[in-house]
Amino acid sequence: MYACLRFFAPICLLSMIPLAVAERTPRRNVTDAEVNAITRSALLMDMHNDVTSETVEGFDIAGTNTRGQTDLKRMKGFLGAEFFAVYVGANYVKDNHSANRALQMIDTVRHDIVEGHPNEFALATTADEVLAARQQGKIAALMGIEGGHAIEDSLRLLRDFYTLGVRYMTLTHFNTNNWADSQGDIDDPKIAHHNGLTPFGKDVVREMNRIGMMVDISHTADKTFADALAVSTAPVIASHSSCRALSGHTRNLTDDMLRQLAAKGGVANISFGCDFLSDRYYKAEKPLEAGMRAQYMKLMEIKDPAERAEKMKALQAEMAAKLPPATLADAVAHIDHAVQIAGVDHVGIGTDFDGVGCVPVGLDSYAKFPNLTRALLEKGYTAEEIKKIYGGNMLRVMREVEAQAKTLQARK
């Protein structure tokens with residue numbers, strides 16, 4: 001699917017070789033005690049959560065979230081680590097407000113969530129700090145920038161965001177920026193595209209490797225994905241993407257992409273958005289998507305948070321009434337497919353809670369993760385495999401990215 005550069009040939013070759021997957025024997029005798037023990041002992045690390053778009057407007061995460069999936073009550077006891085999204089909408093590009101918005105989003109994590117609830121959250125920037133938070137009985141709070149336009153084409157800003165605690169950056173959001181093509185507008189003839197990453201975009205990836213920030217290819221165009229994997233010397237992640245073989249959404253990863261991500265040592269974190277999980281939902285949604293997205297972007301410009309939230313909820317209800325929701329079985333199917341293609345060491349969880357209008361029935365909050373644990377056990381997954389998927393694999397990637405950064409910095 002992608003041209004193989006000479007120095008990238010070993011990974012390209014690996015992408016053509018199916019990975020061996022152990023046969024699993026389905027089980028019927030799964031007990032509640034087993035389900036609860038595994039779910040609570042696993043370090044569940046969610047790689048993408050957008051509740052920050054609410055907390056930045058004043059929502060207290062310890063309150064009841066009636067509009068989304070995330071609040072402290074439903075997190076406690078199930079969630080070990082959360083990558084909160086430092087989401088910067090494309091509307092902030094105008095007049096160079098992207099960096100300012102990123103700083104506000106970083107502040108809502110550090111101030112409103114962590115400082116506001118010091119007994120429940122601990123800021124974490126390394127794998128060791130994630131485990132330390134766990135030992136203290138706290139949820140590790142981490143940050144990932146969503147939308148590379150947040151750095152305003154400046155490696156200095158990229159380094160500043162790292163200093164403030166950001167540990168991954170999604171290279172694009174729905175919008176192509178000045179140095180990377182997005183999946184969201186790749187077919188729009190009005191957009192100036194770059195055929196993947198520009199030379200500066202490749203410098204961004206190299207600098208992320210050097211400082212120890214994970215490269216995230218969710219939302220990128222397929223060619224941007226290929227370029228990022230070719231340039232990066234550290235594992236690359238998809239923070240919230242599912243499998244294109246099961247749902248044709250172009251935000252999802254093809255089987256070839258899953259293999260290449262795995263060959264690089266990376267992890268595909270399965271998103272729970274209905275359109276990413278259910279092809280039936282995606283196909284029904286597609287004719288509505290352009291109009292709905294335009295409405296969404298217009299609503300994001302409303303200044304009053306209460307008015308914006310009310311109208312956003314109405315828009316989501318309008319969409320939900322027209323579409324059949326995804327199910328727990330759909331989520332299990334995507335996890336299992338990714339494991340079959342990439343291997344169990346290269347699959348994780350990136351719910352996209354509070355960032356999508358629809359999540360699966362039976363898997364609509366962290367408190368419902370016992371349902372997923374049960375379903376995976378019944379499919380024949382072992383406790384050790386489930387723990388890898390829930391967070392063990394991403395801890396490994398974090399350690400590898402940290403180690404690679406130390407190596408690169410030592411060469412200077």
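Just a few scattered comments:
Residues checked against (1) loosely packed, with under 15 Cβ neighbours inside 10 Å; (2) at pLDDT 95 or above; (3) closer than 23 Å to residue 217 by Cβ:
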| site | (1), (2), (3) |
| --- | --- |
| 25 | yes, no, no |
| 59 | no, yes, no |
| 78 | no, yes, no |
| 87 | no, yes, yes |
| 102 | no, yes, yes |
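- Residue within the stretch 159-176 that is of a type in the set (Gly, Ala, Ser) and over 29 Å from residue 43 (Cβ atoms) present: no
- Contact map, the stretch 22-38: first residue touching a residue at least 60 places away in the same chain (Cβ under 8 Å) and within 14 Å of residue 383 (Cβ to Cβ), second residue assigned to a loop (DSSP other than H, G, I, E, B) and of a type in the set (Gly, Ala, Ser), Cβ cut-off under 7 Å, separation 6 or more or different chains; pairs are 24/380; 27/380.
- Yes/no for residue 309 being surrounded by 18 or more Cβ atoms within 10 Å (Cβ to Cβ), in contact (Cβ under 8 Å) with a residue 40 or more places away in the chain and among the hydrophobic types (A, V, I, L, M, F, W, C): yes
- Scanning the stretch 40-57 for residues that are acidic (Asp, Glu) and either free of Cβ contacts under 8 Å to residues at least 12 places away in the same chain or crowded, with 20+ Cβ neighbours inside 10 Å (or both) turns up 46, 50, 54.
- Count - residues of the stretch 153-211 that are crowded, with 22+ Cβ neighbours inside 10 Å, polar (S, T, N, Q) and without any contact (Cβ under 8 Å) to a residue 60 or more places away in the chain: 3
- The one condition in (1) in a loop (DSSP other than H, G, I, E, B); (2) free of Cβ contacts under 8 Å to residues at least 60 places away in the same chain; (3) under 17 Å from the mean Cα position of the chain (by Cα) that residue 324 fails to fulfil: (3)
- When the stretch 335-354 is filtered for residues that are in a loop (DSSP other than H, G, I, E, B) and closer than 27 Å to residue 61 by Cβ, the ones remaining, listed by number, are 350, 351, 352, 354.
- Tabulated pairs, the stretch 84-110, first more than 22 Å from residue 125 (Cβ to Cβ), second at pLDDT below 95 and part of a helix (DSSP H, G or I), C-beta under 7 angstrom, 6+ apart or interchain: 91/297
- Residue 99 falls short on exactly one of the conditions (1) over 14 Å from residue 169 (Cβ atoms); (2) under 21 Å from the mean Cα position of the chain (by Cα), and that condition is (1).
- Scanning the stretch 315-340 for residues that are among the hydrophobic types (A, V, I, L, M, F, W, C) and surrounded by fewer than 17 Cβ atoms within 10 Å (Cβ to Cβ), we see that the one that is nearest to residue 23 (Cα to Cα) is 329.
- In the stretch 286-305, the residues that are out of contact with any Lys or Arg (no Cβ under 8 Å at 6 or more places or on another chain) and either among the β-branched types (Val, Ile, Thr) or surrounded by 12 or more Cβ atoms within 10 Å (Cβ to Cβ) (or both): 286, 289, 292, 293, 295, 296, 297, 298, 305
- Test: residue 357 is part of a loop (DSSP other than H, G, I, E, B) and touching a helix residue (DSSP H, G or I) at 6+ places or on another chain (Cβ under 7 Å): yes
- Residue check, residue 374 touching an Asp or Glu at 6+ places or on another chain (Cβ under 8 Å), in a helix (DSSP H, G or I), over 30 Å from residue 288 (Cα atoms) and touching a residue at least 12 places away in the same chain (Cβ under 8 Å): no
The values are calculated or read from the model by the stated rules, or taken from the named source; none is laboratory data. This one's a predicted model, so the numbers in the text were calculated from it and none came from an experiment. Don't worry about glycine lacking a Cβ; one is built from the backbone with ideal geometry, like all the others, and counts go over all protein chains shown.
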